1. Return the residues of region 97-110 that are of a type in the set (Ser, Thr, Tyr) and either surrounded by fewer than 17 Cβ atoms within 10 Å (Cβ to Cβ) or part of a loop (DSSP other than H, G, I, E, B) (or both); say none if nothing qualifies.
2. Just to be sure I understand the filter: pairs with C-beta atoms under 6 Å, separated by 6 or more residues or on different chains, first member in region 153-171 and hydrophobic (A, V, I, L, M, F, W, C), second member assigned to a loop (DSSP other than H, G, I, E, B) and crowded, with 17+ Cβ neighbours inside 10 Å. Which pairs pass?
3. Can you pull out the residues in region 38-52 that are in contact (Cβ under 8 Å) with a residue 40 or more places away in the chain, over 11 Å from His206 (Cα atoms) and either part of a strand (DSSP E or B) or not polar (S, T, N, Q) (or both)?
4. So which residues in region 132-173 are under 18 Å from Asn205 (Cα atoms) and of a type in the set (Gly, Ala, Ser), if there are any at all?
5. Among (1) within 19 Å of the chain's Cα centre (by Cα); (2) free of Cβ contacts under 8 Å to residues at least 40 places away in the same chain, which single condition is Gln112 missing?
6. Among the listed residues Gly148, Gly113, Gly130, identify the single one that is within 23 Å of Gln85 (Cα to Cα) and either surrounded by fewer than 17 Cβ atoms within 10 Å (Cβ to Cβ) or not charged (D, E, K, R) (or both).
7. Which of the residues that make up region 151-173 are β-branched (Val, Ile, Thr), outside any loop (DSSP other than H, G, I, E, B) and farther than 10 Å from Ser135 by Cα?
8. Please count how many residues of region 12-45 are at pLDDT below 50, more than 20 Å from Asp143 (Cα to Cα) and not hydrophobic (A, V, I, L, M, F, W, C).
Amino acid sequence: MSTLQKLSLALVGTAAMLMSANPASAVSLIKGGSEVVAGQGQKTNIQGAITIDFNDGIAPTSGLVTYSGANGISNGIVQGSVSGQYATPFEDTSKYLTISPTGDKVNGSNFQGNAGDVTIKFAQALDYFGFYWGSIDDYNFVDVYSQGALVKTFSGKDVPGAPANGAQTTLTNNVYVNLLADTSKGETFDKLVLRSTGRAFETDNHSYRVATVPEPSSMLGLLAFGALSAGSLVKRKSKIA
């Protein structure tokens, strides 16, 4: 068996253990399942998912999905990097969302993204949400809610293989992550809160899918995409090296 096959099997096994280890929330975080789009970083390749890429400089504030922040969501949509404030996700030159603590200042002045938490609400329950997480830090957090109840909190330390040290130009610390609900157990979620206790929490290419009744073995398919995509990233990494 090749090293890549062993890695794929290991990732699938890890994902399965993550789902069984926390049956109460039944929401798992898995990396992968993405493709690189020139100039836009990583985007999901999950069928049926709708993507919000922020390229027009706005995020939805009405309809099926709504974004809200303390000073308006547009405060945190930026492009490029500003030293000490925010850094564009690796291989992403498009607009993206950055989040820093409320009221954080640089030399006494406000800066984009310092409006604090961003809340994302959905009019219908989801079984999937994914996003490209740039320069992952251990102080970045994602809170997952269902019908008003907090069911799970993930931090940068929960991303498999990521050092969560803010590294801006490594594939291991700039990855596409996926939140999966176990719909076979009736689990879904309908609200996310993105927050950070430091500078900064940078994300792009948010994707979501409204929950449906799962087909037989569909959960295995969702788990497997992480392993397959990991193999793709390994190949890319070897080429870069």
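The values are calculated or read from the model by the stated rules, or taken from the named source; none is laboratory data. The structure displayed is predicted, hence computed values, not measured ones. Quick reminder, even Gly has a Cβ in these numbers, built from the backbone with ideal geometry, and neighbours come from all protein chains shown.
1. Taking region 97-110 first, the residues of a type in the set (Ser, Thr, Tyr) are 98, 100, 102, 109.
Within region 97-110, Ser100, Thr102, Ser109 meet the criteria.
2. Partner pairs satisfying both residue conditions: Val159/Ile136; Ala162/Ile136; Ala164/Ile136; Ala164/Asp138.
3. Residues of region 38-52 in contact (Cβ under 8 Å) with a residue 40 or more places away in the chain: 39-46, 48-52.
Now drop any that are not over 11 Å from His206 (Cα atoms), which leaves 39-41, 45-46, 48.
Those that are in contact (Cβ under 8 Å) with a residue 40 or more places away in the chain, over 11 Å from His206 (Cα atoms) and either part of a strand (DSSP E or B) or not polar (S, T, N, Q) (or both): Gly39, Gln40, Gly41, Ile46, Gly48.
4. Within region 132-173, Gly134, Ser135, Gly156 qualify.
5. For Gln112, the exception is condition (1).
6. Working: Gly148 fails: within 23 Å of Gln85 (Cα to Cα); Gly130 fails: within 23 Å of Gln85 (Cα to Cα).
Every option except Gly113 fails the conditions.
7. First pass over region 151-173, keeping only residues β-branched (Val, Ile, Thr): 151, 153, 159, 169-170, 172.
Adding the requirement that they be outside any loop (DSSP other than H, G, I, E, B) leaves 151, 153, 172.
Correct list: Val151, Thr153.
8. Of all residues in region 12-45, those at pLDDT below 50 come to 12-24.
Going one step further and asking which of them are more than 20 Å from Asp143 (Cα to Cα), we end up with 12-14, 16-17.
The next check asks that each one be not hydrophobic (A, V, I, L, M, F, W, C); those that pass are 13-14.
Residues flagged as at pLDDT below 50, more than 20 Å from Asp143 (Cα to Cα) and not hydrophobic (A, V, I, L, M, F, W, C) within region 12-45 amount to 2.
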